[in-house]
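Read the structure below first, then the notes.
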Amino acid sequence: MVLALAGGCAQSPGADLTVSAEFPGGSAEVLAIDSAARRIELAPRCEPGRGWPCWWYARIAGASQGETVTVRVISSRRPHRNAEVLAGRWALPDRAVVSPDDVHWTPTPAGATNSNEVVYSLAAPADPFWIAWGPPCLPAHTETSIEAAARRCAGLERFVLAHTREGREVAAVRLGTPMGPAIWVQARQHAWEVGSSWVARGLLEWASSEDPAAAALRRGAELWLVPIMDVDNVVRGAGGKDAEPRDHNRDWDDAPIYPEVAAAQRRIRTLGAAGRLRLYLDLHQPGWQTQPSYFYGPVEYPHLPAAVRADYDQFLAVAVAAATGPLRILPNYDVVRYVKTEDERARMSRTWVQRHGGPNVVAVTLETRWNLPESTAENYRRLGADLGRAIVRFLGLAVQPP
């Protein structure tokens, strides 16, 4: 639906501004439009039961290219589940992103932020233009990247992991040799965590490239990649985190409600039973703090058997060393402290894979920072490529010189 209308969309300065989120992934509740002051106020759309109201993404028309527009984003004060109201900072990045074409995204100047709102003053890049919490990545974008990867890489298989509860395809990719160790990578169990899909895209672009290390990966191992798990909420523009009846990342038990989780479990069990699953990597994004990215490891990490712990240590070391771009990774594992019960912890994907993925698996979660000046689509993709190189080193694959 068109969320607010205030006259036409003329090209001249001073024309009435309009705001819409009537497109896949769009989300905005328009609170006010002051065309005379060139000012817009909006909030993330809150859909009870659909997860955290932190993601927002809108189209603005009526501003001439180069004209200064002020966008004030106010965090949602509406309860998203029972009486729970999300802490405001989740919805308030220091920098938003803008695009003249809904394809190419650049960060805004830093906004004026407090705990419940942020104000961005920006030059309109075009009429219309798009503004979002972060660089959007929708199923259509992942299809484009998969098609490009398939053109570069003979033998790449695009398959449907599952159809969602609302009937949408969950696209996945397999490439490499089915005889070697297997790596399972998935992103976006929480729909708002858009940077994780960009990291996955960077990994896919690299893995299908002519880089000698990527060729070594394809010769010696098998990569399974799911760029978006919670497709329904991504398309809807909902947050997904703490959704009802279950959060995607709390659905990993013997009776999952999401078809895509059940399908991932079946394939992971098969790889694990064959003793092939070597690495499970679940891509997420953390809170708004500004320290580097980090991995979650097992809660019982200090008490793991020496050989198992050595495997976890080896992967962490090569990943930290490979991440040479602006998005660095901390050199130690964190553990999930905010999950208080063993039942809930057991239903998290990383824990489930650790327990069901076979004797050789290293199962970790990467939390890639989103609220840094360096948190751009380009740097997310670079981190994905760095992770690919780390996987090659972790597996000890021979890289042939070009």
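Values in this text are rule-based calculations from the coordinates and carry no lab data. Computed from a predicted structure; not experimentally measured. Cβ atoms come from the backbone with ideal geometry, glycine included; neighbour counts cover every protein chain shown.
If I take every Cα pair under 8 Å that is 6 or more residues apart in the range 305-373, average their sequence separation and divide by the length, what percent do I get for the relative contact order?
Values: 26 pairs, mean separation 15.9, N = 69.
That works out to 23 percent.
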Problem - For the range 139-395: rounded, prolate or oblate by the Cα gyration tensor [a/c cutoff 1.5] - result: rounded
Handout entry: At most 16 other Cβ within 10 Å, DSSP loop - trypsin sites (Lys or Arg not before Pro), the range 320-402
Key = R337, K340
Problem - FRET efficiency for R81 and A274, using Cβ-Cβ distance with R0 set to 35 Å, rounded to 0.05 - result: 0.30
Practice task
Note down the net charge around D386, summing +1 for each Lys or Arg and -1 for each Asp or Glu among other residues with Cβ under 15 Å from its Cβ.
Solution key: +3
Practice task
At 0.36 nm per residue, minus the direct Cα-Cα distance, what do R355 and D343 gain on full extension? Give it in nm, one decimal, please.
Solution key: 3.0 nm
Problem - Antiparallel bridge percentage (DSSP; both residues within the chain; nearest 5) - result: 65 percent
Handout entry: Residue-count net charge about T270 - beta-carbon cut-off 13 Å; Lys, Arg +1, Asp, Glu -1
Key = +4
Practice task
Tell me the label-point distance for the pair A123, F23, using the 7 Å Cα-to-Cβ offset, in nm and rounded to one decimal.
Solution key: 2.2 nm
Handout entry: Label point distance in nm, R246-E166, each placed 7 Å from Cα along Cα→Cβ
Key = 1.9 nm
Handout entry: Förster radius 51 Å - calculated FRET efficiency between R174 and S64 (Cβ-Cβ, nearest 0.05)
Key = 0.60
Practice task
Provide T108, T70, T18 in ascending order of the number of other Cβ atoms located within 10 Å of each residue's Cβ, fewest first.
Solution key: T70, T108, T18
Fill in the blank from the handout: Contour minus Cα-Cα span, A36 to F159, at 0.36 nm per residue, comes to 39.2 nm
Problem - Coil-residue chymotrypsin sites (Phe, Trp or Tyr not before Pro) of the range 338-400, DSSP, other Cβ within 10 Å capped at 15 - result: Y338
Exercise for the section: Would you mind checking which residues have amide H under 5 Å from A162's amide H? H placed 1.01 Å from N; only 5 or more apart, or other chain. Expected result: V170
Exercise for the section: Give the relative contact order (percent, whole number) for the chain; include only Cα pairs under 8 Å separated by 6+ residues. Expected result: 16 percent
